[in-house]
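Following: one structure in structure tokens, then a few remarks.
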Amino acid sequence: MRNFFLSLFITITFLQSSFSQTPAIETEHWTEKPTVTKLQAKYSQEPAVTVMNKVRIEYIDNKDKNLDEYFTQHKIVHINNDHGIEYFNKIYINVNDFSDATEIRARTILPGGKIIELDKANIKDLKDEDGSLYKIFAFEGLENGSDIEFYYTLHKSTELMGKFRMQDRF
């Protein structure tokens, strides 16, 4: 009987410690040696073409018995002309008093195969006239025929009602 209670105590202790650990959010990855996207001819006159737009929202229980929300977006865009360069040269990530960017990575993939990664020191904070807060960064060396790739994760307070816009200009 003593062995039964001892094993029960050990099992309960193990289960409590397993469930009390904060689960990690899924980490975004990208290809180590990317190549520039080859587009179909029908897209050659477009200023830019979104090749991939992956969005993930994760909800994690925190130590205060509340939900934390982690919003991740990973995007690859192929640039065809100067209009595409002008539109995608700078990226604005909307943050506010209730969110924080936990990770931002970006890179330019040039047609010759050269890769230029974003230096995190070049990510700036911007406050709009209306009080909106943004993280802003620019892609270096962007030229026609390049791909840009970026992803970011925002840690936000959970909103149980809201909207998410799926449609984009390109």
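What follows draws every value from the coordinates through simple rules; no lab data is involved. Just so we're clear, the structure is a prediction, and the values are computed from it rather than from any experiment. Glycine also receives a Cβ, built like all others from the backbone with ideal geometry; neighbour counts cover every protein chain displayed.
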Long-range amide H partners of Ser146 with built H, under 5 Å: Ile79
Ellipticity estimate at 222 nm from DSSP helix runs (n ≥ 4, -39,500 (n - 2.57)) divided over the chain, nearest 500: -5000 deg cm²/dmol
Under 30 Å from Lys120, Cα to Cα: lysines that are on another chain or at least 8 residues apart: Lys33, Lys38, Lys54, Lys63, Lys75, Lys90, Lys135, Lys156, Lys163
Point-to-point label distance, Thr50-Leu110, nm (Cα→Cβ direction, 7 Å offset): 2.8
Distance-filtered residues of region 83-116 - backbone nitrogen under 11 Å, label point 7 angstrom along Ala138 Cα→Cβ: 89-91
Contact order relative to length of region 35-98, as percent, for alpha carbon pairs under 8 angstrom and 6 or more apart: 35
Relative contact order for the chain, counting Cα pairs under 8 Å that sit 6 or more residues apart, in percent: 26
Computed E for Leu67/Trp30 - FRET, C-beta separation, R0 25 angstrom, nearest 0.05: 0.35
Between 0 and 90°, nearest 10: helix 2-20 axis offset from the chain longest Cα axis: 20
Correct option for Cα Rg over 2.2 N^0.38 Å [calculated from the coordinates] among (i) 0.91; (ii) 1.40; (iii) 1.04: (ii)
